[in-house]
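Where a number appears in this text, it was derived from the coordinates with a stated rule and is not lab data. Note that the structure is a prediction, hence the values are computed from the model and not measured. Note: ideal-geometry Cβ built from the backbone for every residue, glycine included; neighbour counts use all protein chains shown.
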Amino acid sequence: MNQEKIGKFIADLRKKQNLTQEQLAEKLGVTDKSVSRWENGKCLPDVSLYKDLCNILGITLNEFFSGEKIKDENFKEQADNNLFNALENSSFTLKEKIKYYKRKWKKEHISKFILCFISWLVLIIALKFQNVEFYVISTIAGMLATIFYIVLYNQMMIYVENNAYKKLKSKTNYNLYE
């Protein structure tokens, strides 16, 4: 997929329909800056917008991915090329979503990390004041750190699964030409 070509294609079709970036953005529920970024080839619209965008611009998804109108005799070949490109890029997109949601969860839950660390530290200090042997303290501290890690990691992965895979599951019955 050529983002710049697709962006120019969006801009041309929008202008042919006498729509401003702001009007197109309003119809799609995004900002005019988003439309500008698409048209400048800086990024592509979110997948959830493809159907509405194609309907507004009067094109097929195949034409959208091609960045041009497709003649009937080239349609099948171009559809195969676009499908191959989409499949090739989909795993990268999923990896990026997973990475994004992991970072987002960590930022949103930094207080949990701090609280776990403080609890861990307080326990170690309390055990030291109780004159508990060092090997017992280190064993307890290690086990507690492992438990904290497992619990927090599992919470993060549940969050990632619920967000990164959510759209994939809901889009499986997605019919573009309804």
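Label Glu96 and Ser138 with points 7 Å out from Cα along Cα→Cβ: what is the distance between them in nm?
4.6 nm
Which longest uninterrupted range of the chain lacks any chymotrypsin sites (Phe, Trp or Tyr not before Pro) assigned by DSSP to a loop state (not H, G, I, E or B) and surrounded by at most 14 other Cβ atoms within 10 Å?
1-164
In nm, what is the difference between 0.36 nm times the number of residues separating Phe113 and Lys71 and their Cα-Cα distance?
Working it through step by step, the gained length comes to 9.4 nm.
Is it possible to state the helix-based mean residue ellipticity at 222 nm for the chain, with each DSSP H run of 4+ residues giving -39500 (n - 2.57), the sum divided by total residues, to the nearest 500 deg cm²/dmol? What is it?
-24500 deg cm²/dmol
Can you tell me the length gained on complete extension of the stretch Arg103 to Ile125, counting 0.36 nm per residue apart and subtracting the Cα distance?
Net length gain for the segment: 4.8 nm.
May I ask you to list, by number, the DSSP H helices of the chain whose Cα span along the axis is at least 24 Å and whose average Kyte-Doolittle hydropathy reaches -0.5 or more?
110-129, 134-164
Bins of 5 Å, beginning at zero and ending with the bin holding the largest distance: percent of Cα pairs per bin for the chain, please.
1, 7, 12, 14, 13, 11, 8, 6, 5, 5, 5, 4, 4, 3, 1, 1, 0
Picking from Asn62, Asn154, Asn131, which is most flexible by a Gaussian network model of the chain using Cα springs under 10 Å?
Asn131
Using Cα springs under 10 Å in a Gaussian network model of the chain, which residue among Ala141, Ala25, Ala11 shows the largest mean-square fluctuation?
Per the Cα network of the chain with a 10 Å cutoff, Ala141 tops the list.
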